[in-house]
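See below for the structure under consideration.
The values are calculated or read from the model by the stated rules, or taken from the named source; none is laboratory data. Note that this is a predicted model, so its numbers are computed, not measured. Here the Cβ positions follow ideal geometry from the backbone for every residue, glycine too, while neighbour counts run over all protein chains shown. Surface accessibility is based on the protein's heavy atoms, side chains included, excluding ligands, DNA and RNA. Shrake-Rupley method; radii C 1.70, N 1.55, O 1.52, S 1.80 Å.
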Amino acid sequence: MVKKINACIFISGRGTNLKSIIMSSRDYNFPIIVKLIISDNDNAKGLKYAKKFNIPYKFFNYKNKMQFERKCLLEIKRRKIEFLCLAGFMKILSKKFIMGFNNKIINIHPSLLPKFKGLNTHKRVLQNKEKFTGCTVHYVNAKLDSGKIILQKKIKINLNESEDSLRKRVLKEENNLYPEAIRLALK
Ligand code: GRF
């Protein structure tokens, strides 16, 4: 049995990646235990998984970023959390915050990084007539979507693929990739 590291998952919305991480973490050989879920959105659908699986969760308003981060840090320290996963967390953390967790924050992005950093990924992928796309789990550093890559999954774009179908296909891959990347990062 592995000694599980306490982790916190940050979300802003739907939470399918959060759900997938929680499900994986129920395996006694998975390297993390989800001790806390933080959302910057009190309406985030993903919070239902916190309730369903009885995991403590906090909503912190992001309007004041410094206060948001201070509150996060207090909870993280209080719960002896050592690993942070951003899973559809749509805000940018400060350099100072990130530096405090060297190689201990990871993120998932719906493209084959370093291509298509930032928002509206699938739209830009299609506009650019790419043949392949995918998703990436990477360490978080001070630059957006630029940290060292942990794992990627590549898929072929179908003829007449719509933004919506691509989003759905990539999301399915993300949900499989994220737990796999956590295992790899903490091996
Ligand atoms: C995912 O596509 C993720 O890559 C992006 O936001 C989406 C979040 O989905 N950053 P979910 O909330 O995990 O369902």
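For region 1-36, what are the residues that are away from the ligand (no atom under 16 Å from the Cβ), closer than 24 Å to N61 by Cα and open to solvent by less than 20 Å² (accessible area, probe 1.4 Å)?
Passing the criteria: only L36.
Is at least one residue of region 59-68 outside any loop (DSSP other than H, G, I, E, B) and either under 19 Å from T16 (Cβ atoms) or touching a strand residue (DSSP E or B) at 6+ places or on another chain (Cβ under 7 Å) (or both)?
Scanning region 59-68 turns up at least one residue that is outside any loop (DSSP other than H, G, I, E, B) and either under 19 Å from T16 (Cβ atoms) or touching a strand residue (DSSP E or B) at 6+ places or on another chain (Cβ under 7 Å) (or both).
Answer yes or no: is there a residue in region 48-68 that is open to solvent by less than 10 Å² (accessible area, probe 1.4 Å), more than 14 Å from V34 (Cα to Cα) and free of Cβ contacts under 8 Å to residues at least 60 places away in the same chain.
Among the residues of region 48-68, at least one is open to solvent by less than 10 Å² (accessible area, probe 1.4 Å), more than 14 Å from V34 (Cα to Cα) and free of Cβ contacts under 8 Å to residues at least 60 places away in the same chain, which makes the answer yes.
Please go through region 52-102 and give me each residue that is under 16 Å from the mean Cα position of the chain (by Cα) and of a type in the set (K, R), ordered by number.
K91
Within region 78-187, considering only strands (runs of 3 or more DSSP E) that don't extend past its boundaries, which have at least 3 residues that are surrounded by fewer than 20 Cβ atoms within 10 Å (Cβ to Cβ) and away from the ligand (no atom under 13 Å from the Cβ)?
Qualifying strands (runs of 3 or more DSSP E): 149-156.
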